[in-house]
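As structure tokens, the structure follows; a few thoughts come after it.
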């Protein structure tokens, strides 16, 4: 027989979720300040990170899905990155109706310059944790992220009251 999980008080679970949300807000503000010192911001950083993780080429829709932002928001970010010369649009070879976003040489150089800055910011944020705590945190965040992604893709189920009130 499998191991049964101990039931966790729902108030505690809400506290955890709200703590994660509050921590995200604080970290995002910290990133705005620190990245702003170097002419960047969290959304720009997120787009460039998505492109780097995918070897420098993605479709705008893929970027939108990767960073969980609306397509029109990503389009605005891409225009800004294109205006500074960090990315360019090229016709997709397999689908001429579509474009790929490609990191330019200037974009790669900018990224190379930002990596030590990102490492420094990470050290400032996580210096309160030891290596074991960082490993544990990574494991927990991966588990929550994976579970949340499953929840996002789950079919929507209407409640009985919603079904009852349909005419």
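A residue that is in contact with a helix residue (DSSP H, G or I) (Cβ under 9 Å, 6 or more places away or on another chain) and at pLDDT 95 or above occurs nowhere in segment 39-46.
Name the residue that is farthest from the chain's Cα centre (by Cα), counting only residues in segment 58-72 that are surrounded by 13 or more Cβ atoms within 10 Å (Cβ to Cβ) and part of a helix (DSSP H, G or I). So that I can check it myself, show each step before the final result.
Within segment 58-72, the subset surrounded by 13 or more Cβ atoms within 10 Å (Cβ to Cβ) is 58-60, 62-67, 69.
Filter again for part of a helix (DSSP H, G or I), leaving 60, 62-67.
Values: 60: 15, 62: 12, 63: 10, 64: 10, 65: 9, 66: 7, 67: 4 Å.
Going through the qualifying residues, I end up with 60.
Counting only residues that are loosely packed, with under 12 Cβ neighbours inside 10 Å and either assigned to a loop (DSSP other than H, G, I, E, B) or on the phi > 0 side of the Ramachandran plot (or both), which one in segment 76-97 is modelled with the lowest pLDDT? Out of the qualifying residues, it is 96. Of all residue pairs spaced 6 or more apart or on separate chains, those with beta-carbon atoms under 9 Å, a first member in segment 78-96 that is farther than 19 Å from residue 107 by Cβ and a second member that is part of a strand (DSSP E or B) are 93/100. What about residue 52, is it part of a helix (DSSP H, G or I), under 16 Å from the mean Cα position of the chain (by Cα) and touching a residue at least 24 places away in the same chain (Cβ under 8 Å)? Answer is yes for this residue.
Residue-by-condition table, conditions (1) surrounded by 10 or more Cβ atoms within 10 Å (Cβ to Cβ); (2) at pLDDT 95 or above; (3) outside any helix (DSSP H, G or I):
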{"site": "111", "(1), (2), (3)": "yes, no, no"}
{"site": "116", "(1), (2), (3)": "no, no, no"}
{"site": "132", "(1), (2), (3)": "no, yes, no"}
{"site": "135", "(1), (2), (3)": "yes, yes, no"}
{"site": "140", "(1), (2), (3)": "yes, yes, no"}
{"site": "151", "(1), (2), (3)": "no, no, no"}
{"site": "156", "(1), (2), (3)": "no, no, yes"}
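Please give the number of the condition residue 100 fails out of (1) surrounded by 14 or more Cβ atoms within 10 Å (Cβ to Cβ); (2) assigned to a helix (DSSP H, G or I). Only one criterion is unmet by residue 100, namely (2). Selection of first residues in segment 107-123 that are farther than 21 Å from residue 83 by Cα and of second residues that are not in a helix (DSSP H, G or I), restricted to Cβ pairs under 8 Å at least 6 apart or on distinct chains, gives the following pairs, ordered by first then second residue: 117/38.
The values are calculated or read from the model by the stated rules, or taken from the named source; none is laboratory data. As the structure is a computational prediction, the values presented were derived from the model and not from experiment. Here Cβ is always computed from backbone atoms with ideal geometry, including for glycine, and neighbour counts include all displayed protein chains.
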